[in-house]
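The values are calculated or read from the model by the stated rules, or taken from the named source; none is laboratory data. As the structure is a prediction and not an experimental result, all values here were calculated from the model. No Cβ is skipped: glycine too gets one built from the backbone with ideal geometry, and neighbour counts run over all protein chains shown.
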Amino acid sequence: MRISPQLVAKKTDAFFDAVIEQVRGQPIDQVLVIKGEALSVPLLERLRKACPKAKFTLYFWDSYGNMPRGTERKVSCFDAAFSFDPQDVAQDKRLQYRPLFFLDHFTKLPSLKQDIDLLFLGTVHTDRFRVIKTLASRLPRDLRFETVMYYPSMKLFQVRRVVDPRMWGARTGEFIFKPIGADEVMQLIARTRIAVDVERAVQAGFTMRTIEMVGASKKLITTNPRAQSADFYHPRNIAVFDRKNPRLDDDFLRAPHTPLPAPVLARYSLSGWLRDVLPESG
């Protein structure tokens, strides 16, 4: 889809045409498209004709700068469109700003000893490896920094650590090549005091990890400076660091989490997200 969408265009069209025929004539009043990277404008137009009474809503959890060229043309096919990226919303007045959400189980973490001071858990793309390694070298030695760095392909990893200077020095043993299970993820977060977030430079929106830490009542260090203007920001809970020259205050690293107001937590729950994105659905 990213490199050469024309190679899968026929297969994509056939799949969605089958969906369109399946829903044609059904009493559908809401159609929600999440990102819709594989949906072309002609396919969306055919889907609208198949569901003439439905309200069509679009949600982007990614930024224009990280999606295929021409993505913005799809917005006109919808009655309402939302994005997690405030920069895209500022530039495209058809979009409404709506950050991501956390699932309910993040508010119900198991009671485990918090023996991990800092945790990075996620896919290693762009400059993430270099940022994480630099950060690790700047932390106090008595703090435990755990990393679960995922790379989706061993073969691509072996190539990238040679050709990409940002991955020089990466060792196979530092990475996992199969995603860990949801239960293990929750246990790691339960054991953690501070989560580490390194957003893509082309994105301005808050990552899913950021919002999940709001629900989990965990502290966060992030490279996204916009976190300081969020309604969930508290200086004892969130610290912003420079991805090229990470420096963190020792008092912040050792202080406990400060609870957030219930209305803030409610807004970033899945229920809160649904109330904003699909208000007519009840």
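Summary of computed values
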read-out	value
Residues satisfying the stated conditions in the stretch 162-174, i.e. surrounded by 11 or more Cβ atoms within 10 Å (Cβ to Cβ) and either within 18 Å of VAL148 (Cβ to Cβ) or touching a residue at least 24 places away in the same chain (Cβ under 8 Å) (or both)	ARG166, MET167, GLY169, ALA170, THR172, GLU174
Any chance VAL75 is out of contact with any helix residue (DSSP H, G or I) (no Cβ under 9 Å at 6 or more places or on another chain) and of a type outside the set (Lys, Arg)	yes
Lone qualifier among ASP127, ASP62, ASP88 - being under 24 Å from ALA182 (Cα atoms) and either crowded, with 18+ Cβ neighbours inside 10 Å or touching a residue at least 40 places away in the same chain (Cβ under 8 Å) (or both)	ASP62
Residue under evaluation PRO246, criteria (1) buried (at least 17 other Cβ atoms within 10 Å of the Cβ); (2) in contact with a strand residue (DSSP E or B) (Cβ under 6 Å, 6 or more places away or on another chain), criterion not met	(2)
Total residues in the stretch 134-153, condition within 23 Å of the chain's Cα centre (by Cα) and exposed (fewer than 15 other Cβ atoms within 10 Å of the Cβ)	2
Residue identified as touching a Gly at 6+ places or on another chain (Cβ under 9 Å), surrounded by fewer than 15 Cβ atoms within 10 Å (Cβ to Cβ) and in contact (Cβ under 8 Å) with a residue 60 or more places away in the chain among VAL202, VAL198	VAL202
Filter pass, VAL185 being under 27 Å from LEU58 (Cβ atoms) and either in contact (Cβ under 8 Å) with a residue 40 or more places away in the chain or within 14 Å of the chain's Cα centre (by Cα) (or both)	no
Residue among PRO68, PRO27 that alone is in a loop (DSSP other than H, G, I, E, B) and loosely packed, with under 11 Cβ neighbours inside 10 Å	PRO27
Long-range neighbours under 7 Å by Cβ, at least six apart or interchain, first residue within 27 Å of PHE241 (Cα to Cα) within the stretch 253-280, second polar (S, T, N, Q) and surrounded by fewer than 17 Cβ atoms within 10 Å (Cβ to Cβ)	HIS257/SER217; PRO259/SER217
Any chance SER76 is surrounded by 19 or more Cβ atoms within 10 Å (Cβ to Cβ) and in the same structural domain as ASP29 (by TED's automatic domain parsing)	no
Residue list for the stretch 106-146, restricted to those being within 28 Å of LEU265 (Cβ to Cβ), of a type in the set (Ser, Thr, Tyr) and not in a helix (DSSP H, G or I)	SER111, THR123
Meets criteria (out of contact with any strand residue (DSSP E or B) (no Cβ under 9 Å at 6 or more places or on another chain), assigned by TED's automatic domain parsing to the domain that holds ALA216 and assigned to a helix (DSSP H, G or I)) for LEU156	yes
Whichever residue in the stretch 178-195 is hydrophobic (A, V, I, L, M, F, W, C) and within 11 Å of LEU109 (Cα to Cα) and, among such residues, is surrounded by the fewest Cβ atoms within 10 Å (Cβ to Cβ)	VAL185
Among residues of the stretch 85-101, those that are outside any loop (DSSP other than H, G, I, E, B) and closer than 30 Å to LEU156 by Cβ, counted	2
